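These notes concern the structure reproduced below.
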Amino acid sequence: MGNSEREVQAKHVYPARDSERSEYSIRDYNKNDPRSHADRNEQAQISKRQHAPIGVFDTGAGGLTVLAALRQELPNERYIYLGDTAHCPYGERSEDDIINLVQQAISFLVEQEVKLIVVACNTVSQAALSMLRATFPMPFVGVVPAVKPAARATKCGRIGIAATNRAIKAHYLQQLIEEFASDIQVSTVGCPELVTLVERGELEGPVVEETVRQNLQPLLSKEVDVIVLGCTHFPALRPVIERVVGEHVQIIDSGAAIARRTGVVLESEGLIHVPSTEGAHLQVWCSGDPASFGQVASKILGYPVIVQQARV
């Protein structure tokens, strides 16, 4: 995360009030203590916020790769996923159009009383994250292309970044490159066809492999030794990508880093869900056809998923 991103986050993330962090547990309350009613009410509010789900938003199926990383890092949390499949892809839309669509989608998640929202999309993070933090009174975690770790990992001084056409052209990506990779050679390529494959649930097979090969060839021709997956859709194709690029090229995505960052924010806000016997809970929503999205989601996540339709 660059300095400018940290400044925006510091400015717009709304921390929990000190009064919402009690040093007492409910078991410590004395019913005869005049403070006990207020304290119990305060603890009930804290418990409710901790028990609330984490919202995860993406334009379609790509954010499911982030959801998988979140569930691995934070298995006790509850999750509500929303894919705006009726309006996907966002890559060719204007910034105003993206902001309008995102506001509607995030409003839906807010209505579900989520405690934090992960914007699991590079395009939306770059175009609308600052607006979301200024508009909605809850913490947001966005996606940052893994330029910094890629620059540290390269041994030959050449890295590649694969993303959507819009993300490749974004000023924010250029800032990241200037800040963390100014002394190495960085090649970029837009791969919208890979997004289409994932949205269709086409994750394996000869056609998929050939499409991946053609899309990544501009990077491989530069003899890079690290490739950044700068779109959350692409990790769904990681097994194919790794076969195509070979063992000498390291593949880096930001899923695990996003999950760790989410944990840090939850901890700092006093929002970590206390483990309970009920187990983790997941709801998946989409704005398009829930049946087809359910098939895609089940393939990406590796277990059956029932999808509900959201009117956004």
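The values are calculated or read from the model by the stated rules, or taken from the named source; none is laboratory data. This structure is a prediction, so every number in the text was calculated from the model and none was measured. With ideal geometry, Cβ positions are generated from the backbone for all residues, glycine too; neighbour counts draw on all protein chains shown.
Conditions: (1) in a helix (DSSP H, G or I); (2) under 30 Å from Gln250 (Cβ atoms); (3) in contact (Cβ under 8 Å) with a residue 60 or more places away in the chain; (4) out of contact with any helix residue (DSSP H, G or I) (no Cβ under 7 Å at 6 or more places or on another chain). Pro75 meets all but one. Number of the miss?
Single failed check for Pro75: (1).
Output the number of residues of region 87-106 satisfying the condition of being at pLDDT 95 or above and closer than 20 Å to Phe293 by Cβ.
5
Can we say Val141 is more than 20 Å from Arg261 (Cβ to Cβ) and buried (at least 23 other Cβ atoms within 10 Å of the Cβ)? Talk me through it step by step, then tell me what you get.
Numbers: more than 20 Å from Arg261 (Cβ to Cβ): no; buried (at least 23 other Cβ atoms within 10 Å of the Cβ): yes.
No.
Tell me, please, whether a residue that is touching a His at 6+ places or on another chain (Cβ under 9 Å), more than 27 Å from Ala86 (Cβ to Cβ), part of a loop (DSSP other than H, G, I, E, B) and in the same structural domain as Ala68 (by TED's automatic domain parsing) can be found in region 225-233. Working first, answer last.
Restricting attention to region 225-233, the residues satisfying the condition of being touching a His at 6+ places or on another chain (Cβ under 9 Å) are 225.
Those still in the list that are more than 27 Å from Ala86 (Cβ to Cβ) too: 225.
Now restrict to residues that are part of a loop (DSSP other than H, G, I, E, B): 225.
Subsequent filtering for residues that are in the same structural domain as Ala68 (by TED's automatic domain parsing) retains none.
No, the conditions are met nowhere in region 225-233.
With the structure loaded, tell me whether Gly279 is within 23 Å of Val114 (Cα to Cα) and at pLDDT below 95 or whether it fails that test. Write out each step before concluding.
Numbers: within 23 Å of Val114 (Cα to Cα): yes; at pLDDT below 95: yes.
For Gly279, the condition - within 23 Å of Val114 (Cα to Cα) and at pLDDT below 95 - is met.
Can you pull out the residues in region 104-134 that are in contact with a helix residue (DSSP H, G or I) (Cβ under 7 Å, 6 or more places away or on another chain) and in a helix (DSSP H, G or I)?
Taking region 104-134 first, the residues in contact with a helix residue (DSSP H, G or I) (Cβ under 7 Å, 6 or more places away or on another chain) are 106, 115-124, 126-128, 130-134.
Scanning region 104-134 gives Ile106, Asn122, Thr123, Val124, Gln126, Ala127, Ala128, Ser130, Met131, Leu132, Arg133, Ala134.
Quick test of your reading of the structure: Arg213 fulfils all but one of (1) without any contact (Cβ under 8 Å) to a residue 40 or more places away in the chain; (2) more than 28 Å from Cys286 (Cα to Cα); (3) buried (at least 22 other Cβ atoms within 10 Å of the Cβ). Name the failing condition by number.
Result: Arg213 passes all but (3).
Taking Gly201 as the residue in question, decide whether it is surrounded by 20 or more Cβ atoms within 10 Å (Cβ to Cβ), assigned by TED's automatic domain parsing to the domain that holds Val249 and in contact with a Lys or Arg (Cβ under 7 Å, 6 or more places away or on another chain). Explain how you work it out, then say what you get.
Details: surrounded by 20 or more Cβ atoms within 10 Å (Cβ to Cβ): no; assigned by TED's automatic domain parsing to the domain that holds Val249: yes; in contact with a Lys or Arg (Cβ under 7 Å, 6 or more places away or on another chain): yes.
Taking the combined requirement at face value, the residue does not satisfy it.
Quick check on my filter: what residues within region 108-128 are touching a residue at least 12 places away in the same chain (Cβ under 8 Å) and among the acidic types (Asp, Glu)?
Taking region 108-128 as the starting set, the residues that turn out to be touching a residue at least 12 places away in the same chain (Cβ under 8 Å) are 108-110, 112-128.
Glu113 - this is the single residue of region 108-128 that is touching a residue at least 12 places away in the same chain (Cβ under 8 Å) and among the acidic types (Asp, Glu).
How many residues, within region 155-179, are surrounded by fewer than 19 Cβ atoms within 10 Å (Cβ to Cβ), more than 22 Å from the chain's Cα centre (by Cα) and either assigned to a helix (DSSP H, G or I) or not small (Gly, Ala, Ser) (or both)?
Matching residues across region 155-179 total 5.
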